[in-house]
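Everything on this sheet refers to the single structure shown next.
The values are calculated or read from the model by the stated rules, or taken from the named source; none is laboratory data. All values derive from a computational prediction rather than experimental measurement. Glycine gets a Cβ as well: all are built from the backbone with ideal geometry, and neighbour counts include every protein chain shown. For the accessible areas, the whole protein counts, side chains as well, though only heavy atoms, and no ligand, DNA or RNA atoms are used. Shrake-Rupley method; radii C 1.70, N 1.55, O 1.52, S 1.80 Å.
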Amino acid sequence: FVGDSGIVGSNPGVITRTYSITDAAGNSIDVTQTITVDDTINPVITCPVNITQNADSVLSTAVVTYATPTSTDNCSVVTAVQTAGLPSGSAFPIGTTTNIFEVIDDAGNTTTCSFDVIISNVIVANDDNVNVNGDIGGTSINVIDDNDTLNSNPVILGIDATITSIIDSNPMDGVSLDIATGEIIVLPDTPSGNYTIIYTLCSISTPIGCDDAVITIAVRNMNDISNLELTKVGNYIDANDDNVLNVGDEIQYSFTVENTGDVDITNIVLTDPLEGIEVIGGPIDLQAGEKDENSFTAIYILTKEDILLGSVTNQATVTGQNLIGEDVIDISDDPLNDTNVDIDNDGDFEDETVTVIRMDDEIIIYSGITPNGDGVNDVFMINGIEKYENTLEIYNRWGVKVFEAEDYGRNDNFFRGISKGRSTIKESDQLPVGTYYYVLEYIVASGKRKNKAGYLYIQR
């Protein structure tokens with residue numbers, strides 16, 4: 001036995017080897033050996049776990065993606081092949097779809113695995129609002145059949161779906177949901193108020209789909225009163241803290257809203273028609289008798305016209321809804337205004353808010369005049385200056401003095417938009433419309449000398 005050679009056969013699982021044997025005399029012979037490999041071990045395959053998903057409410061299907069099952073074998077390279085179900089990425093219908101995958105190795109051994117794609121029925125329980133007269137009581141429509149759906153189709157209680165649970169925080173309050181009829185039942189003499197019941201609606205057919213909804217029941221009695229009371233106060237703010245009235249200073253408004261009726265009012269919003277005002281806050285809800293002093297504020301930036309006028313007048317309005325959705329409206333009252341006009345005859349007043357623009361100082365300087373002879377703002381007003389020894393100088397935009405006076409404000413000593421300075425401008429000349437600069441010096445009772453300077457506007 002002096003040599004051998006091996007050849008692997010072409011048939012799967014079969015191996016052939018050929019050996020050449022030669023003796024000492026040179027005689028030789030070939031011997032062939034056949035080896036048959038007997039593979040009885042099945043491949044291994046692993047499927048995904050079951051997949052549960054809700055259907056699209058419009059299409060009544062759901063697109064589902066999943067990973068291809070993994071597979072291995074002891075001898076062969078194997079690939080899983082789907083033999084039942086739908087491929088990954090398909091639109092699966094409502095119900096259960098069983099997906100089966102199979103692998104076969106070279107020896108014919110076979111293994112399968114399966115998993116389910118479960119697409120639930122799509123039930124949509126929509127929230128409801130119900131209004132019932134509490135004096136006589138009554139029942140509502142079937143809130144289930146009214147607007148709930150199953151797979152995008154109107155649902156019929158007891159045929160398509162059933163109420164499986166109810167959350168009612170106070171089942172003895174005279175307001176209940178009948179699970180058989182889907183109706184809200186309100187007993188006679190039920191107190192006014194908003195009542196809430198939550199229910200769970202599930203499909204009868206499988207795979208079962210469920211959804212929750214909230215029913216808000218507004219119970220109102222005929223003698224209920226819905227009323228809001230709004231008060232508004234304005235305060236002048238020296239924005240740049242220069243102790244002078246300027247364009248750009250502010251009025252800050254505070255509001256108090258009170259529910260003076262005996263039913264709750266919701267979604268209360270505040271508006272103010274004053275051009276340029278910025279209202280902040282809201283909407284809010286107020287229970288009967290509740291008051292709110294902090295939710296609403298507003299800021300208004302003073303204009304040149306406001307300063308010339310010396311005050312800002314405006315009113316705000318609040319609007320909310322009562323239990324049955326009616327608008328409840330009130331116009332603001334200024335508690336500092338004693339006109340006391342009751343426009344809507346509701347027992348509270350609706351006086352305009354008049355905010356006087358002034359400084360909390362010894363004097364008040366108004367930074368504009370309109371010398372047109374109408375008796376309003378015809379002179380440069382400095383309230384209180386007549387009490388103090390003083391000097392006033394006014395310059396135009398080029399620095400030319402156009403007016404000067406001592407003891408300004410006494411004995412009809414006022415600037416009327418006419419030149420009165422040691423300059424080339426004639427004393428009788430009316431000064432043109434525009435911006436001027438004033439310098440005021442005065443001595444207070446303590447003997448302290450004070451100075452103020454700022455801009456003055458002439459408007460004709």
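Between 352, 362, the distinction of being at pLDDT below 70, among the charged types (D, E, K, R) and surrounded by 14 or more Cβ atoms within 10 Å (Cβ to Cβ) belongs to 362 only.
Out of the strands (runs of 3 or more DSSP E) lying entirely within the range 20-109, which hold 3 or more residues that are open to solvent by less than 50 Å² (accessible area, probe 1.4 Å), under 30 Å from residue 206 (Cβ atoms) and touching a Phe, Trp or Tyr at 6+ places or on another chain (Cβ under 9 Å)? Steps first, answer last, please.
Values: elements: 28-36, 44-46, 51-54, 61-64, 70-72, 81-84, 90-93, 95-104.
So the answer is 61-64.
A count restricted to the range 152-166 and to residues that are under 30 Å from the mean Cα position of the chain (by Cα) and modelled with pLDDT under 95 stands at 1. Out of curiosity, is residue 178 more than 12 Å from residue 213 (Cα to Cα), over 34 Å from the mean Cα position of the chain (by Cα) and either aliphatic (A, V, I, L, M) or at pLDDT below 95 (or both)? Considered against the rule, which asks whether it is more than 12 Å from residue 213 (Cα to Cα), over 34 Å from the mean Cα position of the chain (by Cα) and either aliphatic (A, V, I, L, M) or at pLDDT below 95 (or both), residue 178 comes out as no. Any idea which residue in the range 371-392 is farthest from the chain's Cα centre (by Cα), counting only those that are over 20 Å from residue 431 (Cβ atoms) and open to solvent by 70 Å² or more (accessible area, probe 1.4 Å)? For the range 371-392, the residue satisfying everything is 389. Sort out which residues of the range 262-306 are closer than 30 Å to residue 435 by Cβ and of a type in the set (Val, Ile, Thr), and write them in order of number. Matches in the range 262-306: 277, 299, 301, 303. In this structure, residue 211 does not satisfy being acidic (Asp, Glu) and either buried (at least 20 other Cβ atoms within 10 Å of the Cβ) or modelled with pLDDT under 90 (or both). Of all residues in the range 426-442, those being over 20 Å from residue 245 (Cβ atoms), surrounded by 12 or more Cβ atoms within 10 Å (Cβ to Cβ) and at pLDDT 90 or above number 1.
Every residue, every condition in (1) at pLDDT 85 or above; (2) farther than 13 Å from residue 231 by Cβ; (3) among the hydrophobic types (A, V, I, L, M, F, W, C), yes or no:
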{"residue": "316", "(1), (2), (3)": "yes, no, yes"}
{"residue": "321", "(1), (2), (3)": "yes, yes, no"}
{"residue": "328", "(1), (2), (3)": "yes, yes, yes"}
{"residue": "337", "(1), (2), (3)": "no, no, no"}
{"residue": "342", "(1), (2), (3)": "no, yes, no"}
{"residue": "347", "(1), (2), (3)": "no, yes, no"}
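Here residue 271 does not qualify as open to solvent by 40 Å² or more (accessible area, probe 1.4 Å), of a type outside the set (A, V, I, L, M, F, W, C) and in contact with a Phe, Trp or Tyr (Cβ under 9 Å, 6 or more places away or on another chain).
Rundown of residues vs (1) out of contact with any His (no Cβ under 9 Å at 6 or more places or on another chain); (2) open to solvent by less than 20 Å² (accessible area, probe 1.4 Å); (3) in contact (Cβ under 8 Å) with a residue 40 or more places away in the chain, yes/no style:
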| residue | (1), (2), (3) |
| --- | --- |
| 166 | yes, no, no |
| 187 | yes, no, yes |
| 216 | yes, no, yes |
| 229 | yes, no, yes |
| 238 | yes, no, yes |
| 241 | yes, no, no |
| 249 | yes, yes, yes |
| 252 | yes, no, yes |
| 256 | yes, no, no |
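With the range 114-229 as the region, which strands (runs of 3 or more DSSP E) entirely inside it contain at least 1 residues that are at positive phi? Reasoning before the result, please.
Details: elements: 128-133, 138-142, 161-168, 175-177, 183-186, 193-203, 210-220.
Qualifying strands (runs of 3 or more DSSP E): 138-142, 193-203.
Taken over the range 284-304, the criterion of being loosely packed, with under 15 Cβ neighbours inside 10 Å, without any contact (Cβ under 8 Å) to a residue 40 or more places away in the chain and not polar (S, T, N, Q) is satisfied by 289, 290, 291, 293.
Applying the set (1) under 24 Å from the mean Cα position of the chain (by Cα); (2) among the charged types (D, E, K, R); (3) within 19 Å of residue 334 (Cα to Cα) to residue 285 leaves exactly one unmet item: (3).
Note on the range 394-425: residues that are more than 13 Å from residue 380 (Cβ to Cβ), modelled with pLDDT of 90 or more and open to solvent by less than 40 Å² (accessible area, probe 1.4 Å) amount to 1.
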